[in-house]
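> One structure coming up, written as structure tokens, with questions to follow.
Please treat every number below as a calculation from the coordinates, not as lab data. What you see is a predicted model; the values in this text were computed from it and never measured. Ideal geometry is used to build each Cβ from the backbone, glycine not excepted, and the neighbour counts take in all protein chains shown.
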Amino acid sequence: MWIVGIVAALVFGFGALRVQGRLAPGPMPFWLEGLFLENPLRRAWFPPGFVLELAGTVTGLRVGEVGTGIGVVAAALAAAVGPDGRLWGVDRQAAAVRATAARLWRQGYGARVRLDVADARDLPWPSRSLDLVVMVAVLGEVPPPGRTRALAEVRRVLREDGRLVVVEYWPDPHYLSEKAVRDLVTAAGFDVAAARRGRLQHGVVARPRPS
Ligand SMILES: C[S@@+](CC[C@H](N)C(=O)[O-])C[C@H]1O[C@@H](n2cnc3c(N)ncnc32)[C@H](O)[C@@H]1O
């Protein structure tokens with residue numbers, strides 16, 4: 001009987017988070033990030049490999065991650081860019097940036113990474129400085145009027161031949177559908193170059209539309 005109670009509480013809690021995520025989008029509280037971003041389910045179903053496959057070859061590139069969270073994807077990107085590449089990362093929550101920095105230094109990638117507390121709508125990176133920007137489970141946390149602004153910022157910091165990878169996971173309370181992502185990136189001046197669906201997740205690769 002107590003198992004039924006626990007399952008009911010989990011279903012109710014998850015449902016409440018999804019409703020809240022839809023009605024009032026905002027950053028996932030830092031104390032929830034460990035639970036949502038680093039658990040056996042995520043490791044098995046939503047590994048950073050899905051993001052890396054969409055990103056293509058990143059060795060030696062200058063890569064930005066918007067919304068690093070606790071650094072699960074950032075660690076994979078930092079490994080993939082190699083010693084000649086660089087990873088810039090931002091998150092709105094200082095605790096998330098600290099957690100990502102600690103993880104990357106612990107794993108030996110600290111010297112190739114620059115992390116800042118910053119908002120997706122006002123990125124601290126110079127214009128046309130990056131080859132690739134990655135946004136995993138973050139766009140839906142930006143309140144709707146700011147999503148186009150955040151993507152315009154990504155377009156500003158990307159080189160003309162750069163690319164953007166957006167990945168969304170269904171269990172995320174702020175999940176955006178593939179159509180929603182396509183519409184947003186297109187409105188922000190990108191062309192969708194590729195898209196891929198996985199198990200309860202999807203990813204879109206977009207390139208700045210030539211101006
Ligand atoms: C669900 S977590 C995903 C973290 C990481 N990308 C991953 O997949 O493991 C989303 C992160 O985006 C951050 N975030 C939300 N809105 C943001 C904004 N407007 N600017 C910067 N970061 C933001 C949150 O603080 C949170 O750490």
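> Could you tell me which of Thr100, Met1, Leu77 has its Cα farthest along the dipole of the chain towards the positive end, charges placed at Cβ (Lys, Arg +1; Asp, Glu -1), taken about the Cα centre?
Value computed over the given set: Leu77.
> Can you tell me the dipole magnitude for the chain around its Cα centre, using point charges on the Cβ only (Lys, Arg +1; Asp, Glu -1), in Debye to the nearest 20? Intermediate results must be reported in sequence, preceding the final value.
Numbers: 27 positive and 19 negative charges, 29 e Å.
Charge dipole of the chain: 140 debye, to the nearest 20.
> So, one more: If you rank Glu65, Glu168 by fewest surrounding Cβ atoms within 10 Å, what's the result?
Starting with the residue having the fewest Cβ neighbours, the order is Glu168, Glu65.
> Separation between the Leu23 and Glu53 pseudo-spin-labels, each 7 Å from Cα along Cα→Cβ, expressed in nm?
3.7
> Kirkwood Rh and Cα-based Rg: tell me the resulting Rg over Rh for the chain, rounded to two decimals.
0.96
> Which three numbers, in whole Å and largest first, are the semi-axes of the equivalent ellipsoid of the stretch 102-202 derived from its Cα gyration tensor as √(5λ)?
Details: eigenvalues 99, 66, 39 Å².
Listed largest to smallest, the semi-axes of the stretch 102-202 are 22, 18, 14 Å.
> Can you list residues from other chains, or at least 5 along the same chain, whose modelled amide H is less than 5 Å from the amide H of Arg114?
Leu87, Trp88, Gly89
> Divide by every residue of the chain the summed helix terms, -39500 (n - 2.57) for each DSSP H run of at least 4, and state the resulting mean residue ellipticity at 222 nm, rounded to the nearest 500 deg cm²/dmol.
Here the helix-only value at 222 nm equals -13000 deg cm²/dmol.
> Listing Tyr169, Tyr175 from the residue with the fewest other Cβ atoms within 10 Å to the one with the most, what is the order?
Tyr175, Tyr169
> For the charge dipole of the chain, defined by +1 on Lys and Arg C-beta atoms and -1 on Asp and Glu C-beta atoms about the Cα centroid, which residue among Val192, Gly140, Ala111 has the Cα displaced farthest towards the positive pole?
Val192
> How big is the charge dipole of the stretch 87-211 about its Cα centre, in debye rounded to the nearest 20, if each Lys and Arg gets +1 on its Cβ and each Asp and Glu gets -1 on its Cβ? Intermediate values should be presented prior to the final figure.
On the way: 21 positive and 14 negative charges, 50 e Å.
Value, rounded to 20: 240 debye.
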